[in-house]
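Novice: To start, I am sharing the structure in question, which I have written as structure tokens.
The values are calculated or read from the model by the stated rules, or taken from the named source; none is laboratory data. The model shown is predicted, which means the values in this text are computed figures rather than measured ones. As a convention, Cβ positions derive from the backbone with ideal geometry for all residues, glycine included, and neighbour counts pool all protein chains shown.
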Amino acid sequence: MSRPRKALSLAAAAALAAPLALATPAGAAEPGGGTYTVTPLSFTVRAGDRTCAVDADLYRPDGVDAAHPAPAVLTTNGFGGSKTDGSTAATGKAFAARGYVSLVYSGLGFGKSGCLVSLDDPRIDGQAAARLLDFLGGTRAADDGTRADYVLRDGAGDPRVGMIGGSYGGAIQLATASVDPRLDALVPLITWNDLAYSLAPNGADRTTPGVFKWQWANGFYLMGEGQPLLVPSLDPSRINRLGCLHFVTDACDTVRLLNSGRYPDAETRKMLDFAHSVSPVSYLDRVKAPTLVVQGQSDSLFNLNEARDSYRQLRAQGVPAKMIWQSWGHSGGLTDPAAGELNLGEGNLETSYVGKRILAWFDRYLRKNQSTHTGPQFAYYRDWQSGYGTADRVPAPSQKLYLSGDGKLVDNRAKVARGSRAYANWLVPTSHSESSLAGMIGLPDPKPYDIKGTYLDWTSAPLTAPADLVGSPKATLKVISPKTERVQGSGDAADKLVLFAKVYDLAPDGTKTLVNRLVAPVRVPDVTRPFTVELPGIVHRYETGHRLQFVIAASDTAYSGNRGVKPVTVTSAPEDTGTLELPLVRGRVG
């Protein structure tokens, strides 16, 4: 790595690490009423083909001993953090104060733990966590000889233990459960289902390489690469001498391919295969532990669709699973959740809806209290009521709207006007949804915008009553792009057309709101055929007098774009037009 690149890595890592940790407010009271002791421990574990040092803290509640054992909770940090992060340490304290033995550790490649960052790979990170379960089960000691003979067990070497954590500390739970059946309960928050979708999403086709989410991906890449420059006396096992500093080689190769702007088929398949292999989508069939899935509505890194996909797969295979869509995620409120929402740094478990659901989940599956009710199957935060709505399933699209040739969004095919409209992309981005990097380092983010001539929109009539949308809208589109058609068979996926679908809320005064700044990037599989786009899930009320506006844009500042200028035309006729389907739980549009 060149000297300027090293400097950039250092600066980015220093700037990014802080805002991604939920800080415990100065002077905050300890959560819960119980007291405990904290013991620093280290473990030398075999993970994959590596030997790694794991740095941990053991929180032992007073009064817990071999004659009075207690269930355990295992937790680790989010990306770029360590066991001493405000939220990570606070989680250990919170559960220890409530009578659980808590083991808090720094994930591989972070804090003082050794080995490379391997993106929560079950074969590496999952195996390392499984060795910590050995410690909690009494079959191995820490490096200093410390043993945990006071954790409740379901059998010889089988501790009663759950896991909790967010983002990077969320996926590790599923990875661990896929290689070790001893886990009894999981609470993954704001994490991914499929990194291929997270970092290069395609709202139209999961098998066609998507659109590179360059800001988020490079922010985390630089944070990881900066680790060796920030940690004194770095463990030699944390240095990769094969082209990058701190990640496993496949992770570096993936980011470099995405940054290249080219997607040759063979390399793309390798990238997708690696991203899938370290993602729950590839191993959830081996997870059996009851799982409470918690995802953030304000999250352009891991959107609600990711949680929904994991939840549905777990349910389909008979795993006890429930899901909550809370307000905060990676894109907003991470360090300052809305009033009454879960704040891990404060440990407000008894006073927040999500916190109470987590306590009930562990009470049921770790303390085996069969009378504990774990809550509704699905719950979602409603910012217009500062509370939660519930349902027995995630709502499916319930109303279909039609894209009229005059730019209207109508509720009846007969109202569609014949017409044709066009846009063209520039060689620089002309639409803006959000700046992930700005948010990560605490800089202001401009409001979303689209430059005239580089997008198309369809707008509904003003609503006559409120309409509540909960879930993922779907759009079926047919575009005309002769320039794309001529090159899309080249064998290079980058020659395919890129566009971005999104839904705005238009207030009577003209104010436009892009709900949670979410968009659906699309690399169109074939411009000669209709295609369906699944937009990110949202929870939003469109108030009386407001209008819903559906937009397809040529570019977005947070993503890579088209190679060359590719004009697009969209035609509409009553017998043949695009549609937008909305999962409405209240009201109608049109």
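Novice: If you check Pro466 against the conditions, is it touching a Phe, Trp or Tyr at 6+ places or on another chain (Cβ under 9 Å) and over 29 Å from Pro583 (Cα atoms)?
Specialist: Criteria not met by Pro466.
Novice: Right, another one. List, please: which pairs have Cβ atoms under 6 Å, are six or more places apart or on different chains, and start with a residue in the range 471-483 that is under 16 Å from Glu306 (Cα atoms) and end with one that is part of a helix (DSSP H, G or I) and at pLDDT 95 or above?
Specialist: Final answer for the pair search is Ser472/Asn305.
Novice: I need the full set of residues from the range 32-77 which are more than 30 Å from Pro236 (Cβ to Cβ) and basic (Lys, Arg), in order please.
Specialist: Matches in the range 32-77: Arg60 only.
Novice: Quick check on my filter: what residues within the range 468-491 are part of a strand (DSSP E or B) and either closer than 30 Å to Asp392 by Cα or out of contact with any strand residue (DSSP E or B) (no Cβ under 7 Å at 6 or more places or on another chain) (or both)? Full working, then the answer.
Specialist: Restricting attention to the range 468-491, the residues satisfying the condition of being part of a strand (DSSP E or B) are 468-471, 474-477, 480.
Matches in the range 468-491: Asp468, Leu469, Val470, Gly471, Lys474, Ala475, Thr476.
Novice: Shifting gears a bit: Within the range 375-391, can one find any residue that is outside the structural domain of Gly471 (by TED's automatic domain parsing), hydroxyl-bearing (Ser, Thr, Tyr) and part of a loop (DSSP other than H, G, I, E, B)?
Specialist: Within the range 375-391 (the criterion being outside the structural domain of Gly471 (by TED's automatic domain parsing), hydroxyl-bearing (Ser, Thr, Tyr) and part of a loop (DSSP other than H, G, I, E, B)), the answer is yes, since at least one residue qualifies.
Yes/no per residue for (1) under 21 Å from Arg393 (Cα atoms); (2) outside the structural domain of Ser282 (by TED's automatic domain parsing); (3) assigned to a helix (DSSP H, G or I):
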position: Ser310; (1), (2), (3): yes, no, yes
position: Gln313; (1), (2), (3): yes, no, yes
position: Trp325; (1), (2), (3): yes, no, no
position: Glu341; (1), (2), (3): no, no, no
position: Glu346; (1), (2), (3): no, no, no
position: Thr351; (1), (2), (3): no, no, no
position: Lys356; (1), (2), (3): yes, no, yes
position: Asp363; (1), (2), (3): no, no, yes
position: Lys368; (1), (2), (3): no, no, no
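Okay, residues lined up against (1) part of a loop (DSSP other than H, G, I, E, B); (2) under 24 Å from the mean Cα position of the chain (by Cα); (3) surrounded by 24 or more Cβ atoms within 10 Å (Cβ to Cβ); (4) not assigned by TED's automatic domain parsing to the domain that holds Ser167:
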site	(1), (2), (3), (4)
Gly63	yes, no, no, no
Thr84	yes, yes, no, no
Val104	no, yes, yes, no
Gly107	yes, yes, yes, no
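Novice: Can you tell which of Lys400, Lys368 is charged (D, E, K, R) and surrounded by fewer than 14 Cβ atoms within 10 Å (Cβ to Cβ)? Let's see the steps before the verdict.
Specialist: Details: Lys400 fails: surrounded by fewer than 14 Cβ atoms within 10 Å (Cβ to Cβ).
Result of the check over Lys400, Lys368: Lys368.
Every residue, every condition in (1) part of a helix (DSSP H, G or I); (2) buried (at least 24 other Cβ atoms within 10 Å of the Cβ); (3) touching a strand residue (DSSP E or B) at 6+ places or on another chain (Cβ under 8 Å), yes or no:
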residue: Gly92; (1), (2), (3): yes, yes, yes
residue: Phe95; (1), (2), (3): yes, yes, yes
residue: Gly111; (1), (2), (3): no, no, yes
residue: Asp120; (1), (2), (3): no, yes, no
residue: Asp125; (1), (2), (3): yes, yes, yes
residue: Ala129; (1), (2), (3): yes, yes, yes
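Novice: Answer with yes or no whether Leu409 is touching a Ser or Thr at 6+ places or on another chain (Cβ under 8 Å), assigned by TED's automatic domain parsing to the domain that holds Asp556, surrounded by 15 or more Cβ atoms within 10 Å (Cβ to Cβ) and not hydroxyl-bearing (Ser, Thr, Tyr).
Specialist: For Leu409, the condition - touching a Ser or Thr at 6+ places or on another chain (Cβ under 8 Å), assigned by TED's automatic domain parsing to the domain that holds Asp556, surrounded by 15 or more Cβ atoms within 10 Å (Cβ to Cβ) and not hydroxyl-bearing (Ser, Thr, Tyr) - is met.
Novice: Does Val38 qualify as being buried (at least 23 other Cβ atoms within 10 Å of the Cβ) and of a type in the set (Val, Ile, Thr)?
Specialist: The answer is no for Val38.
Novice: On the given criteria, is Ser435 at pLDDT below 95, among the small types (Gly, Ala, Ser) and surrounded by fewer than 21 Cβ atoms within 10 Å (Cβ to Cβ)? Before the answer, list the steps.
Specialist: Numbers: at pLDDT below 95: yes; among the small types (Gly, Ala, Ser): yes; surrounded by fewer than 21 Cβ atoms within 10 Å (Cβ to Cβ): yes.
When the stated conditions are applied, Ser435 passes them.
Novice: If you scan the range 429-444, which residues turn out to be in contact (Cβ under 8 Å) with a residue 40 or more places away in the chain and on the phi < 0 side of the Ramachandran plot? Can you show your working first?
Specialist: Taking the range 429-444 first, the residues in contact (Cβ under 8 Å) with a residue 40 or more places away in the chain are 429-437, 439-442.
Across the range 429-444, the qualifying residues are Pro429, Thr430, Ser431, His432, Ser433, Glu434, Ser435, Ser436, Leu437, Gly439, Met440, Ile441.
Novice: Which members of the range 204-234 meet the condition of being in contact with a strand residue (DSSP E or B) (Cβ under 6 Å, 6 or more places away or on another chain) and either modelled with pLDDT under 85 or under 25 Å from Asp526 (Cβ atoms) (or both)? Before the answer, list the steps.
Specialist: The first filter runs over the range 204-234 and keeps only residues in contact with a strand residue (DSSP E or B) (Cβ under 6 Å, 6 or more places away or on another chain), leaving 204, 208, 210-211, 224.
Ala204, Thr208, Gly210, Val211 - these are the residues of the range 204-234 that are in contact with a strand residue (DSSP E or B) (Cβ under 6 Å, 6 or more places away or on another chain) and either modelled with pLDDT under 85 or under 25 Å from Asp526 (Cβ atoms) (or both).
Novice: Please work out if Thr39 is among the polar types (S, T, N, Q) and within 30 Å of Tyr221 (Cβ to Cβ).
Specialist: Values: among the polar types (S, T, N, Q): yes; within 30 Å of Tyr221 (Cβ to Cβ): no.
No: the conditions fail for Thr39.
Novice: So Ile324 passes all but one of these: (1) closer than 17 Å to Leu189 by Cα; (2) of a type in the set (A, V, I, L, M); (3) at pLDDT below 95. Which condition number does it fail?
Specialist: For Ile324, the failing item is (3).
Novice: Here is a list: Val179, Val187. Which entry is surrounded by fewer than 24 Cβ atoms within 10 Å (Cβ to Cβ), within 29 Å of Pro320 (Cβ to Cβ) and of a type outside the set (S, T, N, Q)? Even if it seems obvious, please write down each step before you answer.
Specialist: Working: Val187 fails: surrounded by fewer than 24 Cβ atoms within 10 Å (Cβ to Cβ).
Criteria check complete, one pass: Val179.
Novice: Give the residue that is farthest from the chain's Cα centre (by Cα), with candidates limited to residues of the range 406-460 that are part of a strand (DSSP E or B) and more than 30 Å from Pro574 (Cβ to Cβ). Full working, then the answer.
Specialist: Keep residues of the range 406-460 that are part of a strand (DSSP E or B), which gives 408-410, 419-423, 431-432, 449-450, 455-459.
Within this subset, residues satisfying the condition of being more than 30 Å from Pro574 (Cβ to Cβ) are 432, 449.
Details: His432: 21, Tyr449: 24 Å.
Applying the filter and picking the extreme gives Tyr449.
Novice: Before we move on, is Lys288 part of a strand (DSSP E or B), at pLDDT 95 or above, surrounded by fewer than 24 Cβ atoms within 10 Å (Cβ to Cβ) and among the charged types (D, E, K, R)? Steps first, please.
Specialist: Working: part of a strand (DSSP E or B): no; at pLDDT 95 or above: yes; surrounded by fewer than 24 Cβ atoms within 10 Å (Cβ to Cβ): yes; among the charged types (D, E, K, R): yes.
When the stated conditions are applied, Lys288 does not pass them.
Novice: Then there's this: Any residue in the range 493-509 that is in contact with a helix residue (DSSP H, G or I) (Cβ under 6 Å, 6 or more places away or on another chain) and not in a helix (DSSP H, G or I)?
Specialist: Within the range 493-509 (the criterion being in contact with a helix residue (DSSP H, G or I) (Cβ under 6 Å, 6 or more places away or on another chain) and not in a helix (DSSP H, G or I)), the answer is yes, since at least one residue qualifies.
Novice: Which pairs do you get when a residue that is without any contact (Cβ under 8 Å) to a residue 40 or more places away in the chain, found in the range 247-261, comes within reach of a residue that is surrounded by 14 or more Cβ atoms within 10 Å (Cβ to Cβ) and not in a helix (DSSP H, G or I), reach meaning Cβ atoms under 8 angstrom, with the pair 6+ apart or on two chains?
Specialist: Short answer, once both residue conditions are applied: Thr249/Asn240; Cys252/Asn240; Cys252/Cys244; Leu257/Tyr263.
Novice: Among residues belonging to the range 133-169 that are in a helix (DSSP H, G or I) and within 25 Å of the chain's Cα centre (by Cα), point out the one that is farthest from Phe95 (Cα to Cα).
Specialist: The initial filter retains those residues of the range 133-169 that are in a helix (DSSP H, G or I), namely 133-136, 168-169.
Among the residues that remain, those that are also within 25 Å of the chain's Cα centre (by Cα) are: 168-169.
On the way: Tyr168: 20, Gly169: 16 Å.
Among residues in the range 133-169 that are in a helix (DSSP H, G or I) and within 25 Å of the chain's Cα centre (by Cα), the one farthest from Phe95 (Cα to Cα) is Tyr168.
Novice: Still on this structure: Could you run through the range 479-528 and say how many residues are more than 25 Å from Gly405 (Cβ to Cβ) and aliphatic (A, V, I, L, M)?
Specialist: Let us first name the residues in the range 479-528 that are more than 25 Å from Gly405 (Cβ to Cβ), namely 486-496, 507-509, 511, 513, 515-518, 521, 523.
Pick out the ones that are also aliphatic (A, V, I, L, M) and you get 487, 493-494, 507, 515, 518.
Within the range 479-528, residues that are more than 25 Å from Gly405 (Cβ to Cβ) and aliphatic (A, V, I, L, M) number 6.
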